[in-house]
Amino acid sequence: MNPPPYAIGIDTSVTALSEADQLLRDLTARLGLPEDVIGCTHLVRDADGGRPRVALSLATGSEAAAKAVRARLTAQGHRVRDGAWDQAGRAVLYPGAAALTGTLTVAELVGRSAIERVRVLGTADRPDPATRLVTREFVRPQWQDGELVLAAMPAVGGTLVPFEVPDPTPCCADH
């Protein structure tokens, strides 16, 4: 599955991924977008290297839907552009995302969602489809070479967990 062909980018002043995730969910809920829309976050900087932030993208298979969303977001005062920010977006909203709860096998994860494969950090081998993955109700794949790929890491009892954690500890939190 390649990214849907019609994408719009939404500039933000948000600097935290958790805030960007929430903004993306809020925007799609307000717009009443269909479940096949893919919503991603992208880490971006201005051309001069300043102002790091998290931008958003929404992609769909319908040119008319993309144009309508762009018009509505622009009318609401959002800074919007054609196209995603890059080809490596971190997917927050994607088909099947809501079904990825609890513990699933790798085969179930791939079968229930738009995620096409799981990559285990530190190994070149694909995990066995029967390997259990503890979702923690937080599954954020990234686009890699036209595929949604979930980075996972080994966990207790031979299971896997998504590499990205739901509530990361801020850098230097104990200093």
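None of the figures in this text is laboratory data; all of them are computed from the coordinates on show. Worth saying up front: this structure is predicted, and the values here are computed from it rather than measured. Cβ coordinates were reconstructed from backbone atoms using ideal geometry, including for glycine residues, and neighbour counts include every protein chain displayed.
For region 18-105, GluC sites (Glu not before Pro) meeting the loop criterion (DSSP other than H, G, I, E, B) and having at most 15 other Cβ atoms within 10 Å: 35. Enter the Cα centre distance for the pair region 46-71 and region 15-41, rounded to the nearest angstrom. Each part reduced to its Cα centre gives a spacing of 11 Å. Rounded to the nearest 10 degrees, the angle from helix 17-31 to the longest Cα principal axis of the chain is 60 degrees. Set the Cα radius of gyration of region 6-93 against 2.2 N^0.38 Å, with N its number of residues, and you get 1.00. Each listed q (0.12, 0.15, 0.18, 0.19 Å⁻¹) maps to a log10 I(q)/I(0) for the chain, found by the Debye formula over equal Cα scatterers with no solvent: -0.58, -0.88, -1.18, -1.27.
With both labels modelled 7 Å from their Cα along Cα-to-Cβ, the residue 156 to residue 22 distance reads 2.9 nm. Taking 7 Å steps out from each Cα toward its Cβ at residue 44 and residue 138 produces label points 2.5 nm apart. Using C-alpha pairs under 8 Å with a sequence gap of at least 6, the mean separation divided by the residue count of the chain gives a relative contact order of 21 percent. Restriction of the trypsin sites (Lys or Arg not before Pro) in region 36-127 to DSSP coil positions whose beta-carbon has at most 15 other beta-carbons within 10 angstrom yields 45. Per-residue ellipticity at 222 nm computed for the chain from its helices equals -6000 deg cm²/dmol, with DSSP H segments shorter than 4 residues left out and the rest contributing -39,500 (n - 2.57).
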